[in-house]
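The values are calculated or read from the model by the stated rules, or taken from the named source; none is laboratory data. Computed from a prediction, not measured in an experiment: that's the story for all the values here. Counting neighbours? That spans all protein chains shown, and the Cβs are built from the backbone with ideal geometry, glycine included. All accessible areas refer to the heavy atoms of the entire protein, side chains included, with ligands and DNA or RNA removed. Shrake-Rupley method; radii C 1.70, N 1.55, O 1.52, S 1.80 Å.
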Amino acid sequence: MSDSAALAARAVDVVPPGGLEEKLALGRPLRVKLGVDPTAPDIHLGHSVVLGKLREFQDAGHLAVLVIGDWTARVGDPSGRTSTRPMLSGEQIDANAATYREQAFRILDPERTEIRSNGEWFAGMGLEDVFRLAGRATVNQLLRRNDFAERMADDRPVSVLELLYPLMQAYDSVELRADVELGGTDQLFNLMLAREIQSAYGQAPQVVMTMPLLAGVDGERKMSKSLGNHIGVADPPEEQFGRTMSVPDAALAEWYRLLAPGEPPPGGRPAEDKRRLGRLVADRFHGSGAGERAEAHFNRVVRDRQAPEEVPEIAIAEGTVHLPALLADALGVPSRSEARRLIAGGGVTLDGERVTEIDLPSDALDGRVIRAGKRRFARLRAAGHGD
């Protein structure tokens, strides 16, 4: 397989045809750009597909240029959106960006990664510079985006700020002199616009490469934290393994293709295929042996319905304990209302006995193991009752 064919493996779009071969023929390390907006605090397996492709370029001797979109995140990527995104605060963005940097290096080689923030150039950009950039594209061009066109047809608003987003992402490529830009298939419009903007600024246009969007654990919609169908790269290995076991059988082939391209494909035994994939995912992000330990935990807790060998302790105050608050605040249940539903549905137990009340005295809880759902356990300790 040629270098270009290997680097283009599993890609959906490589534009223009033959462009990657021309870039490789330059005989120097290419600057391969990937932009990520820190709109949420964690990177998930969906992100790892394109980050993994970026690592393949690194392993072939090229430089990864990871752009943390601290300023584009203020606008919000409109790709695939049916409404305007809420604007995040600078504090939220900065906190998310710090997490992205740490988690990206679970996949990328830090020695061959240039990390930049687009605030480096946008923060100091004057109005004259904004006018110059805005003059490089037409409203007609921008409204050809499917999401904008659909919203306009339905008389749903498209903010002027959103129209700037593709231009801002494109201008990143100018500042970074990108040779290649990677993205998901939903980013094709933005990445193609960057080619035109680079040409307008007198640069050789980048090659565009898009990667498939990984379906979430529901097997239907693309993986997204906001949809709750994600697996985070920093999630505990037990959580990664357990969530992988819930992937629909029909999605397994694509998960193997995108997440474990060097591994044999599914063998037609879904339960065993999911276990193997769960081990591979846990090993990838937590080191060799993590998958085997996560599988043993799954067998004990989910299959055999026993408490884990190691159970964290949670301190509770003396008096009446409101269980929905405890589950939401200390055990990771998403909300108190969800905790109430979990209790009502028989999903909460104390030492294996179903809980039916939402308020219990601390003396009745002290020393007991509470279980919420399949994988959340804790031993409760009332104040003053510890060893």
In debye, nearest 20: dipole of the chain around its Cα centre with unit charges on the Cβ of K, R (+) and D, E (-)?
660
Of the chain, which part is the longest with no GluC sites (Glu not before Pro) in a loop (DSSP not H, G, I, E, B) and with at most 16 other C-beta atoms within 10 angstrom?
1-219
When the distances between all Cα atoms of the chain are binned every 10 Å from zero, what whole-number percent does each bin get?
4, 20, 27, 23, 15, 9, 3, 0
Cβ-placed point charges (K, R +1; D, E -1), dipole of the range 200-247 about Cα centre in debye, nearest 20
200
Here the relative contact order (percent) of the chain, from C-alpha pairs under 8 Å and at least 6 apart, is 15
Can you give me the Rg/Rh ratio for the range 169-237, using Cα atoms for both radii and the Kirkwood formula for Rh?
1.15
Using amide H atoms built 1.01 Å from N in the peptide plane, name the residues 5+ places from residue 332, or on other chains, whose amide H lies under 5 Å from its own.
none
Find how many whole Å separate the alpha carbon centroid of the range 284-353 from the alpha carbon centroid of the range 230-278.
22
Heavy-atom accessible area per residue, the chain, 1.4 Å probe: how many Å²?
47
Roughly how many percent of the accessible protein surface of the chain is carbon and sulfur, given a 1.4 Å probe and a whole-percent answer?
50
Mean projected area, convex hull of alpha-carbon positions in the range 299-387, reported to one decimal in nm², is 5.4
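Which shape class, rounded, prolate or oblate, goes with the range 245-293 when its Cα gyration tensor gives a ≥ b ≥ c as root eigenvalues, a/c under 1.5 marks rounded, and past that a/b bigger than b/c marks prolate?
Taking the square roots of the gyration eigenvalues as a ≥ b ≥ c, the range 245-293 is prolate.
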